[in-house]
Amino acid sequence: MGLVFWIVLAPLIAAVLILVVPGLRAGAHRALGLLGSAAALVLALAAWGRFQYATSAYQEVSRLHWFTLPALWQQSDLSIGLSFGVDGLSLPLVLLAAFISLLAGVAAPRTLQRTRLYYFWMELATAGILGVFTAMDLFTFLLALELSLFAAFFLIHLFGEAGSRKAAFKFLLYRGLASVLFLAALVGLAYGAAGGFGTTQPDTQGIINGAGALTFDIPTLTDTLHKASEAFFTPHARSVLFLILLLGVLVEEAFVPFHTWLPTTHEFSDTTTNMLIGGVLTKTGAYALLRFGVGLLPGEVRHWGVLIAVLGVINILYGAFAAWAQKDWRRLIAFGSISHMGLVLLGVAALNAAGLQGAMFMMVSSGLLTALLFFLTGAIKERTQTALIPSLGGLSRPMPMLSGFLLVAALGSLGLPLTSGFVSEIQAFIGGFGTYPAISFVGVIGIILSAVYLLYAMEKTTFGPARQSYTGLADATPREYVPTVVLTALVLLIGVYPSVIGDLFGLSVQALLRIGG
Amino acid sequence: MVEYAWLVPLLPLVAYVFLLVLGRRAPEGIVAGVSVVLTFAAFLISALVFRSVGQSPDQTGPYVFHWLTVGTHSFTVGFEVTHLNALMLVVVSLVSTLVLLFSKGYMHGDERFPVFYQYLNLFVFSMLALVISPNLLQLYIFWEMVGLCSYLLVGFWYFKPEAALAAKKSFIVTRIGDVGLFTGIILLFLASGSFDYSTVFTAAAAHKLSLGWISNDHLVTLAAILIFVGAVGKSAQFPLHVWLPDAMEGPTPVSALIHAATMVAAGVYLVARCYPLFQLSPAALSTVAWIGGITALLAALIALTQRDIKRVIAYSTISQLGYMMMALGVGAYAYGVFHLMTHAFFKALLFLAAGSVIHALDTQDLFEMGGLYKKMKLTAWTFLAGALALAGIVPFAGFWSKDDILAAALESGHTVLYVFGLIAAFCTAFYIFRVYFLTFTGQPRDPARHEHAHEGSWVMTLPLVVLAVLATIGGFFNTPFNGYGLERYLFADSPQGAIGATTPENVGLMVLSVLVGLAGIGLAALMYWRPAIQPEKLARSLGFLYQLSFRKFYLDEIYYAIVVATGKAIAAIVDFVDRYIIDGIVRLVARIVATIGLGLKYTQTGQIQAYTAVAAFGVLILVAWAMWSIGGVL
């Protein structure tokens, strides 16, 4: 079995052990959970070490055949199973997910109750997310997506604050809807790639007869569709499938106006769940857009480019303005993340190397920074008992280190150079201006607004006269330094030396751009 | 020597990392000592680089390294040395060394003393790295980094609400400018395929800068103006100047280094570095000239009436930066850079001397000062040197550079700008001597404070003396007596067609500007030294005009009403829409579904017969639909 298979399996094994081994104490649950995530991270790092930079194909491939649906369509069998692999698009996200999962596990407070359930669902969610990013066929993708969905649902529901039940159901309904839309779009694409929708161009009949077989295999589908999706669909069918996919992405990724689940979820979830959701779970939609939108229907991305770019800019500005109005740090971070991801849409719509690579950078960067912000504001809330910005203030005196790192996280989020935020922003905007200059001119206003809402929040949180009630509060504990320092280091590493992940994207981005043969 | 120029920014970076490792409780002596020694070493290397660039006319470098691959492009970082940035390296490292030394005395006893030095070293590194950048991308990176350091240092006394507000304001207002620069750089990259200065300028000169939606000429103008917008923010030009006076909330050495001598001059440096681009666009140059001229006059008028010693000098900085921009705008490239250099010396001097006064009296209000000459002779004399240089009195440094700028404005046919400059020069001489007389002459207005006033230790006085010497003789780098040495040096970078060494000295103009300066000093003396004119009476009789100046033309209030209030209103509207309309619809849908669910639960009777009947009915409908759609059987 390939390396990547074990990346997904490791947290799954941990989850099963936590559940079935009787008589474990809290410490053992925690140890098993951390072990599962740590194993996934080590294996992911190993996959990185062995990564072949000279190819854009999937690597470390594992295929597990499960069953075959015989003669499903025109005497063609459909093979169902699990297959995993990584390429330049997925490996950085796998690394991100593994890092965040382990750090969230470390970050979980010692006072945590119900550790068995907590680490069980945590590891299950991790396995699901890792599965989403490593899936090489549609079945695996959808299955992993569902796994991450209900695992996260339980994390929100069981470990959130009062009121988290509603938030959890909102989360479940929205992301469930997104899954249904993905299912419809992706099965439709597979059906079409097997010739199911006929064609408008008789001279391409040869291509279709050559393809013919029904398959869920993503590399095969990409080969078949990427360069010649026109041959397999009527323009109408193509557009309908793409728009279903896009709608799924918008819901999954919490894009305006399908976003209200995200601030609610973050407001009521506990810190570590927020790290996991904000850090990686909200990157799956954008990943699907790149993998299936740009990967399978690049012509449609181009055709609907203006729509996607406008949606992107709406999200950048809407998210930023909404963040400015928030009183709760967690809602502010949620809207900030929506604003960031708007830039991903702009980059993808641009459909050039800088735009796509910027989008990939932004997904990783936003993941790291969102997780870091949630962790730090969570640590502050543990001490001050509030995440409400107007109730904070003067925290630099009792907790200079936490305040300092919070400032670094805020500066990274507002795209300060030498952080990952800047590298992402400039590439995405180079892409955006290259294709849609007018729309991008509006989008850059977001750069000002991000400084406004983040520095406003900083001014009210760490600056100002020390408050009497906060004077005795302790600064970061050694346990808290681990996620803080690791996440900050990654943010700075990517900012100072972006090639460290940029080289991973390179060929895969090039491969996505080769349209029309 | 040039190939070792990278050592210049590296040394302060080493100091920064070293202090970071030492931590927040390191002893003051070691902290300041390491910083001063390493920055001084950087200055010595800069001086060697400056000399060797002058000796070898052939430009070497740029030296670049791969940073990131984007598609088929390679983004690079590295360094280059030109005549312009060699001069900047010297100025920045010299003033930095002196300010680092001065801070040892000024910040003594502050509980975050080591942190202060960390930030300062980070700033010095960023500023030097900005100057030495071989391309626009790296320039932008460090452009933002110096902005960050400014933010950290303005807000250094984070517990003061005014400092926290000022820090935020400075970052956000300059960021408005930065977005212009950001966009300009991106457009130039898209059009030329490179961030390198030389590649971009060559493409522009060859009329090859065009994008699908914009022609070469329009793109050059657009990009130049966008870059200038960045400079307007950083160099505190009208209309984005409002952050700089507030930035005076930072410790005074910070005001001297960042908000007078170096960072705020980065905008002027940027325009100078991109001069080949600006020269291709008369519209852009004229924008630069007019914004510069307006800023020079506006800020000088505001400085007339301010009560806070640092704010007067801050408005003076804005005004002088306006002169520099005006110089560049009317084509006097070398004069703009020359004034940047002399201004760095005498403005750092004025701030440090003001710092010395504030340190002694613990107030910034001019009307709580007075009579300090007797107690602080050295500060008074050095301040006087700086004031004379600023007022443009022969032979002090400011005279040579400012006079050149005024002459160039007239020469190039910008008569209105010349008049602006001349009025501003009068105001300049008046406001700075108003400060001088109110601070050092007459009787102490606050005897209690005056009681304890005394001169600082040598770490504070030595920088004052060095800067006073430079403010006095610094102008001689570029006079007829040395054959306009600086101009010839700078013109080796050859921005063609700029006004410079060819301009003959116009003695009449020189005399006029000195007379204007003396008139300003004279008026100040009559009002504040040997009171022949009552300032209060004059203020009352001027009425609204006085208020206009004192209230800074109400620009802060206008911006608040227009920009900030609008932004907050939009944010509030978005928040309302989000909570009550978008999420309201969501809740409505949820409620409808829930209601339907409530209704439907009565169909769950648990009776198999009922389910089967429903199922059979459903199958019937499906079969009917299928048959109908297949062949119209029914």
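The values are calculated or read from the model by the stated rules, or taken from the named source; none is laboratory data. Note that the coordinates shown come from a computational prediction; the quantities given were computed from them, not determined experimentally. Because the Cβ atoms are built from the backbone with ideal geometry, glycine has one as well, and the counts that use them run over all protein chains shown. Only protein heavy atoms, including side chains, enter the accessible area calculation; ligands, DNA and RNA are left aside. Shrake-Rupley method; radii C 1.70, N 1.55, O 1.52, S 1.80 Å.
Of all residues in the range B:556-575, one or more are touching a residue at least 40 places away in the same chain (Cβ under 8 Å), part of a helix (DSSP H, G or I) and surrounded by 13 or more Cβ atoms within 10 Å (Cβ to Cβ).
Quick one: is A:Leu490 closer than 23 Å to A:Ala98 by Cα, in contact with a Leu (Cβ under 6 Å, 6 or more places away or on another chain), part of a helix (DSSP H, G or I) and open to solvent by 20 Å² or more (accessible area, probe 1.4 Å)? Yes: the conditions hold for A:Leu490. Given the criteria β-branched (Val, Ile, Thr) and either free of Cβ contacts under 8 Å to residues at least 24 places away in the same chain or more than 12 Å from B:His359 (Cβ to Cβ) (or both), does B:Val465 qualify? Answer is yes for this residue. Can you confirm whether A:Phe505 is of a type in the set (A, V, I, L, M, F, W, C) and under 21 Å from A:Asp87 (Cα atoms)? Spelling it out, A:Phe505 is indeed of a type in the set (A, V, I, L, M, F, W, C) and under 21 Å from A:Asp87 (Cα atoms).
Within the range B:120-147, how many residues are of a type in the set (S, T, N, Q) and within 11 Å of chain A (Cβ to nearest Cβ)?
2
From B:Leu181, B:Leu190, grab the single residue that is under 25 Å from A:Ala451 (Cα atoms) and among the hydrophobic types (A, V, I, L, M, F, W, C).
B:Leu181
Here the range B:162-212 is the region considered, the condition is being at the interface with chain A (Cβ under 8 Å from one of its Cβ atoms) and closer than 24 Å to A:Ala353 by Cα, and the residue that is surrounded by the most Cβ atoms within 10 Å (Cβ to Cβ) is B:Ile186. Out of B:Asp365, B:Asp404, one residue alone is open to solvent by less than 30 Å² (accessible area, probe 1.4 Å) and acidic (Asp, Glu). It is B:Asp404. Being at negative phi, touching a Leu at 6+ places or on another chain (Cβ under 6 Å) and open to solvent by less than 20 Å² (accessible area, probe 1.4 Å) is a property that A:Ile338 lacks. Output the residue which, of all residues in the range A:378-422 that are within 11 Å of another protein chain (Cβ to nearest Cβ) and β-branched (Val, Ile, Thr), is least open to solvent (accessible area, probe 1.4 Å). Ranking the qualifying residues of the range A:378-422, first place goes to A:Thr419. For the range A:427-437, the set of residues classified as open to solvent by 10 Å² or more (accessible area, probe 1.4 Å) and within 8 Å of another protein chain (Cβ to nearest Cβ) consists of A:Gly434, A:Pro437, listed by residue number.
Across the range B:282-292, a minimum of one residue is classified as at pLDDT 95 or above, within 15 Å of the chain's Cα centre (by Cα), of a type in the set (Gly, Ala, Ser) and in a helix (DSSP H, G or I). Restricting the range A:255-270 to residues that are away from every other protein chain (no Cβ under 12 Å) and touching a Ser or Thr at 6+ places or on another chain (Cβ under 8 Å), the residue that is most open to solvent (accessible area, probe 1.4 Å) is A:Phe268. Looking at the range A:324-346, is at least one residue more than 19 Å from A:Asp475 (Cα to Cα), within 11 Å of chain B (Cβ to nearest Cβ) and without any contact (Cβ under 8 Å) to a residue 40 or more places away in the chain? Yes, that holds for at least one residue. Of the residues in the range A:62-82, none is within 26 Å of the chain's Cα centre (by Cα) and within 21 Å of A:Phe505 (Cα to Cα). Residues in the range A:354-377: is at least one more than 9 Å from chain B (Cβ to nearest Cβ) and more than 18 Å from the chain's Cα centre (by Cα)? Scanning the range A:354-377, I find at least one residue that is more than 9 Å from chain B (Cβ to nearest Cβ) and more than 18 Å from the chain's Cα centre (by Cα), so the answer is yes. For the range A:270-337, the helices (runs of 4 or more DSSP H) that sit wholly inside it and include 1 or more residues that are over 16 Å from A:Ala97 (Cβ atoms) and modelled with pLDDT of 95 or more are A:305-325. Can you find even one residue in the range A:104-123 that is on the phi > 0 side of the Ramachandran plot and buried (at least 22 other Cβ atoms within 10 Å of the Cβ)? Checking the range A:104-123: not a single residue is on the phi > 0 side of the Ramachandran plot and buried (at least 22 other Cβ atoms within 10 Å of the Cβ). In the range A:508-517, which residue that is at the interface with chain B (Cβ under 10 Å from one of its Cβ atoms) and among the aliphatic types (A, V, I, L, M) is nearest to the chain's Cα centre (by Cα)? Here the answer is A:Val509. What number of residues within the range A:438-486 satisfy the criterion of being assigned to a helix (DSSP H, G or I) and more than 14 Å from chain B (Cβ to nearest Cβ)? Here the count works out to 9.
Yes/no per residue for (1) closer than 18 Å to B:Ala334 by Cα; (2) free of Cβ contacts under 8 Å to residues at least 12 places away in the same chain; (3) surrounded by fewer than 24 Cβ atoms within 10 Å (Cβ to Cβ):
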{"residue": "B:Phe238", "(1), (2), (3)": "no, no, yes"}
{"residue": "B:His241", "(1), (2), (3)": "no, no, no"}
{"residue": "B:Ala256", "(1), (2), (3)": "no, no, no"}
{"residue": "B:Ala260", "(1), (2), (3)": "no, no, no"}
{"residue": "B:Val271", "(1), (2), (3)": "yes, no, no"}
{"residue": "B:Ser286", "(1), (2), (3)": "yes, no, yes"}
{"residue": "B:Ile294", "(1), (2), (3)": "no, no, yes"}
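Among the criteria (1) at pLDDT below 90; (2) not in a helix (DSSP H, G or I), the one B:Leu68 does not fulfil is (1). Can you tell me which residue is farthest from the chain's Cα centre (by Cα) among those in the range B:148-161 that are assigned to a loop (DSSP other than H, G, I, E, B) and at the interface with another protein chain (Cβ under 7 Å from one of its Cβ atoms)? Among them, the one singled out is B:Phe159. Checking every residue in the range B:330-352 against the condition of being within 26 Å of the chain's Cα centre (by Cα), over 23 Å from B:Gly520 (Cα atoms), crowded, with 24+ Cβ neighbours inside 10 Å and of a type in the set (Val, Ile, Thr) gives at least one match.
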